[in-house]
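One structure below.
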Amino acid sequence: MSYRDTLEFLLNDWLDVPALSARNRFSDHSSETFASVFDTCERIAREKFAPFNRLSDTEEPHFDGERVILPPAAHEAARAYVESGMLAAAQDYDVGGMQLPCVIEMAANSFFSKASIGLGGGGMLTSGSANLLMAHGTGLQQAVFAKNEFAGRFFGTMCLSEPQAGSSLSDIVTRATPDGDDALGPRFRLRGNKMWISNGEHELAENIVHLVLAKIPGPDGQLVPGTRGISLFIVPKKLVDETGALTGERNDVALAGLNHKLGYRGMPNTLLNFGEGKYPVRGGAGAIGYLVGRPGDGLKCMFHMMNEARISVGLGAAMLGYAGYEASLDYARQRPQGRPVAVGGKDASRPQVPIIQHADVRRMLLAQKSYCEGALALALYCARLVDELHTGGTAAAAEAGLLLDMLTPIAKSWPSEWCLEANSLAIQVLGGYGYTRDYPVEQYWRDNRLNMIHEGTHGIQGLDLLGRKVTMDGGRGLALLASRVAATVARADAVAPLAGHAKALADTMAHLGRATQAAWSTGVPDEALANATPYLQAFGHTVLAWIWLDVALQAHAATPSDATRGALQATRYFFHYELPKVPAWLRVVETRDDTCRTMQEGWF
């Protein structure tokens, strides 16, 4: 079964995406137009991205003192992506978009992530930056910056972390001092340093639009502590006028250096200095930036882009896992090694068999399939919720928004952890060959290792889930998720081959609920959150079991084929091999185990 077949089964049969064409926003579309979009993206990914995946890894971006040098293939891939229209795929027609459903946009982008994520990651940042401005920017900011990002004239970044702060955004010290007003918004001068900025410097587009978090000093000149003082600013690399035309002025944003990463090497990752005076502009030092939204609302605005990016990170992780799965599956079918063990032992006179005939190799391949296809299904489900949020009725949209809040930490973290494990298994399937650079699976592992870190580390997602998401609104989000799980369990309970899975999921969901209550039973956050990561893992596995059971219901109802039998077997694998891990994770959560919390520094 090809990836395209898997994708279309999930979209058309499981999520019933063609039904979206009945909604006004998508009424110009049909299954045929969706397929045409996939055809285009699949072709571009095959021709402009996949052949250069290894090149993007070996010919890293480098700085010659004046500019960042990328191989010609990177420029060609970026140009082809822009020309495809995918930067604005889900946007309104009047801003150059296609008004595609979010779920189709994400599915189409998956082809690029699978082909070469190091070449294709910049598109996610650019469309995410423009989407943020469409939600929180002024009309002129949207016209000048967002629309030019959608058109591919400008590319975008998100500038949050700082060398001394990392994920602790309350401790950022980049400051923004008022510098007057103009048509593009309240003008400020920014001074500070931003670290780990993907696509922070390049020449893939006319301009780079940095979205920068900074603090506005109070009347005493001091920065407001915590996150309350954080505001958001548009800081273009090159200044523009009210029509979006370049003025010829270089803003005071300077590349301090490139970070040399384990993987994901095709995209420049940078340390940027804002306002150091290397490029004085309009009379002095200080990068010119324009306020987005209200002062102090910077983190609230930025979360619009961060949450979108988190789902995209999860999909990217799934695609890297999937690429490794495909490579190891192909290898296992062709590599002869070993012979079957009969009652009397191995018969050395018989020919060797392809390693896919060995049960342990099938175990590793089946694990990869369950991780990667499950992660893909989860990402598409979340994208489908976005469409419901924007085009569903009032009640349906409210439920979709609440469920999306609950699932975002899982959609980011679960694929990042378990599709990385899939990449590790792909290396194992190839054995010694997998550990060499002569085969692609080692690069997929290195590329995927980033995803547990960026857009909020694994630990941060756990703290967000247990510390905020499951308790918000009196637990309404968790209750809604539980009701969706219960509905799937009820349907599966009536299908004999799935009834055992239904009971296992119902029992696990009940255990998760008890553990959540037990974690917070003392009301002491330090006790509850000490085991937030095991809670995240348990929660994620429970969600994926639900996703697989729901997919299995569709597969069981369909005409039997290799594809449906494969989905049912992957479901069986997940319930037999993966779901039993959940009680061990929950045990330390519900007992508020203090092993890690009470460990003393000197004991290490």
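Things worth noting here:
- Against the test of being open to solvent by 80 Å² or more (accessible area, probe 1.4 Å) and either among the hydrophobic types (A, V, I, L, M, F, W, C) or within 14 Å of SER416 (Cβ to Cβ) (or both), the options VAL353, VAL341 yield a single qualifying residue, VAL341.
- Scanning the range 459-487 for residues that are in contact with a Phe, Trp or Tyr (Cβ under 6 Å, 6 or more places away or on another chain) and either surrounded by fewer than 20 Cβ atoms within 10 Å (Cβ to Cβ) or of a type in the set (Val, Ile, Thr) (or both) yields one hit, VAL485.
- All conditions in (1) over 18 Å from GLY85 (Cα atoms); (2) in contact with a Phe, Trp or Tyr (Cβ under 7 Å, 6 or more places away or on another chain); (3) not polar (S, T, N, Q) hold for ALA135, with the sole exception of (2).
- A count restricted to the range 295-338 and to residues that are free of Cβ contacts under 8 Å to residues at least 12 places away in the same chain and either aromatic (Phe, Trp, Tyr) or farther than 17 Å from GLU455 by Cα (or both) stands at 2.
- Flag for ALA90 being over 26 Å from ARG446 (Cβ atoms), in contact with an Asp or Glu (Cβ under 9 Å, 6 or more places away or on another chain) and not in a helix (DSSP H, G or I): yes
- So THR533, is it open to solvent by 20 Å² or more (accessible area, probe 1.4 Å) and touching a His at 6+ places or on another chain (Cβ under 8 Å): yes
- Cβ-Cβ under 9 Å pairs, at least 6 apart or on other chains, the range 385-413 side open to solvent by less than 10 Å² (accessible area, probe 1.4 Å), far side of a type in the set (Phe, Trp, Tyr): ASP387/PHE26; LEU407/TYR381; PRO409/PHE539; ILE410/PHE539; ALA411/TYR381
- Within the range 115-140, considering residues that are among the β-branched types (Val, Ile, Thr) and part of a helix (DSSP H, G or I), the one modelled with the lowest pLDDT: ILE117
- Those residues of the range 86-101 which are over 14 Å from GLU149 (Cα atoms) and within 20 Å of the chain's Cα centre (by Cα), in sequence order: LEU100, PRO101
- Test: residue in the range 129-149 that is at positive phi and open to solvent by less than 50 Å² (accessible area, probe 1.4 Å): no
- The single condition among (1) free of Cβ contacts under 8 Å to residues at least 12 places away in the same chain; (2) within 30 Å of GLN142 (Cα to Cα) that PRO72 does not satisfy is (2).
- Residues in the range 203-229 that are on the phi > 0 side of the Ramachandran plot and within 25 Å of the chain's Cα centre (by Cα): 0 in all.
The values are calculated or read from the model by the stated rules, or taken from the named source; none is laboratory data. Note that this is a predicted model, so its numbers are computed, not measured. All Cβ positions, even for glycine, are placed from backbone atoms using ideal geometry, and neighbour counts span all protein chains on display. Accessible surface is based on the protein model in full, side chains and every heavy atom, while ligands, DNA and RNA are left aside. Shrake-Rupley method; radii C 1.70, N 1.55, O 1.52, S 1.80 Å.
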